[in-house]
Amino acid sequence: RKSEMTKMKVFATPSSANFAVKLAMHLNADFYSTDSVGLYPDGQVYVQISERINNDDVVIVGNTQGSRQFEELCLLIHTIRRQNAKRVIVVIPYFGAGRQDRAKKEGDDVLAKMHASILSSLGPDWILMMDLHNEGIRHFFDNSVRPRELYLESLFVKVIESLCLKDFVFVSDVGGILNWVRSYAEKFGVDAATLDQRREGPAQK
């Protein structure tokens, strides 16, 4: 909320730059280029921040789709937290580990829990995520962090309405988004369908 903020700065990883620019404009905040995030010749991620941060509120925007995006976000949070930021608010438009939120059989990883633990250890004050695959992911974060899930249904409804579709149906697998599909179908007065999705392995359709 703007009323609670002092000075505000918005930083972003490269994958989230476009969204972060629009967010900064909405908040009337300063946006700083993603040039501060890059790669050394051996592929190692680096972050260099030339802007001084001293008792400022900082918003960090970054996706976590894949190991590189996750590392970029973590390193940016770590670097800014070390710069004496007053509060650090992390915005994750796409939480990439969301589908790996539970072990379906013994030996399976729970990547969402590991990502939540690592992000918690970096000391952000707030973590804002959008339309999680499973709302239980919020409970993976430590008590020191205040995770919040934002729901974008109203925006998607407007986009779908603008398409002026006729004779259409909403389709989902039987996973965590099934309730979303039913909600959309009810709003548009159309049918919802489900698919029984089975994978032979992590990389298989």
In segment 65-149, GluC sites (Glu not before Pro) in a DSSP loop with at most 16 other beta-carbon atoms within 10 Å
106
accessible surface per residue for segment 57-166, probe 1.4 Å, DNA/RNA/ligands not counted, whole Å² -> 55
To the nearest 0.05, the calculated FRET efficiency linking residue 168 and residue 130 through their beta-carbon distance, R0 being 35 Å, is 0.90
With the crude spin-label approximation of a point 7 Å out along Cα→Cβ, what separation in nm comes out for residue 21 versus residue 48?
2.3
Helix-only CD estimate at 222 nm, as mean residue ellipticity for the chain, using -39500 (n - 2.57) per DSSP H run (n ≥ 4)
-8500 deg cm²/dmol
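Rounded to the nearest percent, how much of the accessible area of the chain (1.4 Å probe, protein heavy atoms only) is carbon and sulfur?
Its accessible area is 49 percent carbon and sulfur atoms.
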Grab the chain and count how many Lys pairs have their alpha-carbon atoms under 21 Å apart, sequence gap of 8 or more, or different chains.
14
Using only the heavy atoms of the protein chains and a 1.4 Å probe, how would 146, 182, 81, 52 rank by accessible area, largest first?
52, 182, 146, 81
Most mobile listed residue (13, 194, 79) in the chain, GNM with C-alpha springs under 10 Å
194
Report the label-to-label distance for residue 139 and residue 152 in nanometres (one decimal), using points 7 Å from each Cα along the Cα→Cβ vector.
2.6
Rounded to the nearest 5, what is the percent of antiparallel bridges among the DSSP beta bridges in the chain?
10
Within the set of other residues whose C-beta is less than 10 Å from the C-beta of residue 128, count the net charge using Lys and Arg as +1 and Asp and Glu as -1.
+1
Residues whose built amide H sits under 5 Å from the amide H of residue 59, excluding neighbours closer than 5 in sequence, are 9, 10, 11, 89
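The values are calculated or read from the model by the stated rules, or taken from the named source; none is laboratory data. These numbers were taken from a predicted model, which means no experiment stands behind them. Note that each Cβ is placed from the backbone with ideal geometry, even for glycine, and that neighbours are counted across all protein chains shown. Note: accessible area is taken over every heavy atom of the protein model, side chains too, but ligands, DNA and RNA are not part of it. Shrake-Rupley method; radii C 1.70, N 1.55, O 1.52, S 1.80 Å.
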